[in-house]
Amino acid sequence: MKTNFFKPTLIAVVILMGLNSCCKKPSVKEKMMQQGILFTELTSQQYSISAGKTTMFKATVTNACPEITYNWTVSSGVVSGNKSEITFIAPNSDAQVQVTCTVKHPGLESKTKTIFVTVQ
């Protein structure tokens, strides 16, 4: 009686390949497309700052991928940068400054958060 060694081996290889593909860990982009943007926090190094001084703002996206963009706006003063962390230069007069960051990713709903910083 002759046995065919290659047929059971081939079946085992195909089964293992199938298991590997169904158990593959999803990429960051795949997770983001499933979960949406997880914009969890917008923070400042200082929430009260002297006129004309600088501080840093940070947007935390827990599932960020390289296609994420950050759009920063302030009601007064100047921001420098366009990534998750930026530098803020306070205006030269007292103000309550609204700081807004909008996080975008192609094909997903954008997320926005706002904080306030006091300039005195």
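Table for the structure above
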{"quantity": "Single residue of region 77-93 satisfying the filter (modelled with pLDDT of 95 or more and loosely packed, with under 15 Cβ neighbours inside 10 Å) that is nearest to LEU108 (Cα to Cα)", "calculated": "LYS83"}
{"quantity": "Residue within region 23-31 that is surrounded by 12 or more Cβ atoms within 10 Å (Cβ to Cβ), at pLDDT below 80 and within 12 Å of the chain's Cα centre (by Cα) present", "calculated": "yes"}
{"quantity": "Boolean, ASN71 is over 30 Å from VAL28 (Cα atoms) and loosely packed, with under 15 Cβ neighbours inside 10 Å", "calculated": "no"}
{"quantity": "Enumerated strands (runs of 3 or more DSSP E) restricted to region 57-120, each holding at least 2 residues that are over 30 Å from MET32 (Cα atoms)", "calculated": "95-104, 111-119"}
{"quantity": "In region 57-68, the residues that are in contact with a Ser or Thr (Cβ under 6 Å, 6 or more places away or on another chain) and modelled with pLDDT of 95 or more", "calculated": "PHE57, LYS58, ALA59, THR60"}
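The values are calculated or read from the model by the stated rules, or taken from the named source; none is laboratory data. Computed from a predicted model, the values in this text were never measured in an experiment. Cβ: placed from backbone, ideal geometry, glycine included. Neighbour counts: every protein chain shown.
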